[in-house]
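The values are calculated or read from the model by the stated rules, or taken from the named source; none is laboratory data. Keep in mind that what you see is a predicted model, and the values were worked out from it rather than measured. When we count neighbours, we look across all protein chains shown, and the Cβ atoms used for this are built from the backbone with ideal geometry, even at glycine. Just the protein is used for accessible areas: all its heavy atoms, side chains included, with ligands, DNA and RNA removed. Shrake-Rupley method; radii C 1.70, N 1.55, O 1.52, S 1.80 Å.
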Amino acid sequence: MILKSFRASSLRPILFAAITGLVVTTAVFAKDGVALHYLKTGKPDAATLLAPPPLLDSAEQAAEMDEVRTVYHAATSNDIAAAYAEKKFSVFNFNGAVGEYFQSNNLPKTAAFFEKVQLDAETVTDLGKDFFKRPRPFTTDPSLANGKLEKSFSYPSGHSTESMVLALVLADLLPDKHDAILAHARAIGWHRVQIARHYQSDIYAGRVLAQAIVKQCKKSDAFQNDFDEVKAELAAAHK
């Protein structure tokens, strides 16, 4: 009989849903138990989407390293301070581009939504880093080491990917602020070159990956539902 083929544990979520009226969903996991919110595993896949970074012993790599050194030594104290301040960031770092009302304590749905979006972007990027295993500039040239150093790999840039993902979604919510929002995301990525955390190709790859991540997020019904709720919350807060 069909019923006999079910394990008792298989029935528990169904019975729970029937009794409580709650919808039971199955989490999607990317790697090592990390749950995805709006993406499906492997979509997008940085390893197949992105071209590989330059080979470590290539002329292209040497040229990129020279560029990092030039940018690093030209960075102003304000550039460096901004880069350090963005070590950890969220969508509310875009406050300057959006307006003073754009604060996490005023916008709980917005905060929760963008935290999920950023975590999905981080997961996809980390999988790409672990695949390409490109050493960071300060690893290859220790004279560039400064501040607290990351142990993760360089390509693609997490800051560039995540900030551009946040920016693209936020710009869809606030199209009148589109240019200022995207400019701030590009600045976050560029600051990482200024403190020798990344090569330029790392941040450019991050921007490409960001577009693919947002495209996939938009295929999720959960994303679209949350997006609509956030849009309403932002409109109400900005009256």
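Somewhere in segment 137-145, is a residue within 23 Å of residue 70 (Cα to Cα), surrounded by 24 or more Cβ atoms within 10 Å (Cβ to Cβ), out of contact with any helix residue (DSSP H, G or I) (no Cβ under 7 Å at 6 or more places or on another chain) and modelled with pLDDT of 95 or more? No, the conditions are met nowhere in segment 137-145.
In the condition set (1) acidic (Asp, Glu); (2) open to solvent by less than 20 Å² (accessible area, probe 1.4 Å); (3) under 13 Å from the mean Cα position of the chain (by Cα), residue 202 is compliant with all but (3).
Scanning segment 147-173 for residues that are farther than 22 Å from residue 56 by Cα and open to solvent by 20 Å² or more (accessible area, probe 1.4 Å) yields 147, 148, 159, 162, 168, 172. When the residues of segment 89-109 are narrowed to those that are touching a helix residue (DSSP H, G or I) at 6+ places or on another chain (Cβ under 7 Å) and over 18 Å from residue 185 (Cα atoms), which ends up surrounded by the fewest Cβ atoms within 10 Å (Cβ to Cβ)? If we take residues in segment 89-109 being touching a helix residue (DSSP H, G or I) at 6+ places or on another chain (Cβ under 7 Å) and over 18 Å from residue 185 (Cα atoms), then 101 is surrounded by the fewest Cβ atoms within 10 Å (Cβ to Cβ). Whether a residue is touching a helix residue (DSSP H, G or I) at 6+ places or on another chain (Cβ under 9 Å) and part of a helix (DSSP H, G or I) was assessed, and residue 166 passes this test. In segment 134-149, the residues that are on the phi < 0 side of the Ramachandran plot reach residues that are among the polar types (S, T, N, Q) with C-beta atoms within less than 7 angstrom, at least six apart or across chains, in these pairs: 134/154; 135/154; 136/154.
Filtered by the rule that a residue be buried (at least 16 other Cβ atoms within 10 Å of the Cβ) and under 30 Å from residue 113 (Cβ atoms), segment 74-88 gives 82, 83, 86.
Number of residues in segment 57-73 that are of a type in the set (D, E, K, R) and either modelled with pLDDT under 95 or open to solvent by less than 50 Å² (accessible area, probe 1.4 Å) (or both): the value is 1.
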